[in-house]
1. Starting from 0.36 nm per residue, how many nanometres of slack lie between K43 and V94 once their C-alpha separation is accounted for?
2. Based on the Cβ-Cβ distance from A55 to Q3, what FRET efficiency comes out when R0 is 25 Å, to the nearest 0.05?
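All of the numbers you see were taken from the coordinates with simple rules; none came from a lab. This structure is a prediction, so every number in the text was calculated from the model and none was measured. All Cβ positions, even for glycine, are placed from backbone atoms using ideal geometry, and neighbour counts span all protein chains on display.
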Amino acid sequence: CPQGWQTFQNSCYFSSATLGDDSYASKAKRSRHWYSAQRECKKLGATLAEINSQAELQFVRKLAMRGRRTSWIGGTDSANEGEWKWISGAPITVSDFKPLTDPQMMKYDRPERQDCLAIAGYV
């Protein structure tokens, strides 16, 4: 794997959640929209993570926890509402993901508009 990337089961992972400091510019760069994050991955010859095992889910979650921030992963239901798939088109078979249910956030981000998956780097 390139320098700064992590290896897990023959794949390379990079988390922008651990980059930079807490300045506004660093936060803005890390908090890109899902589609922007996917474009940045493609520039690096990569893609947002597609999780295919419980062990991989735990690895990616630990990677996100290091930065104590939210990290985008490659799940979406943008093609068909409620039918979650990885960006490769493969079905999501391993998850413990839950929809956003915080009443304050729901006011601004209705469930039917939640087309992307993220792993929170905090509890």
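1. Details: separation 51, 0.36 × 51 = 18.36 nm, distance 2.71 nm.
Length difference between fully extended and current span is 15.7 nm.
2. Details: r = 24 Å, r/R0 = 0.97.
The value I calculate is 0.55.
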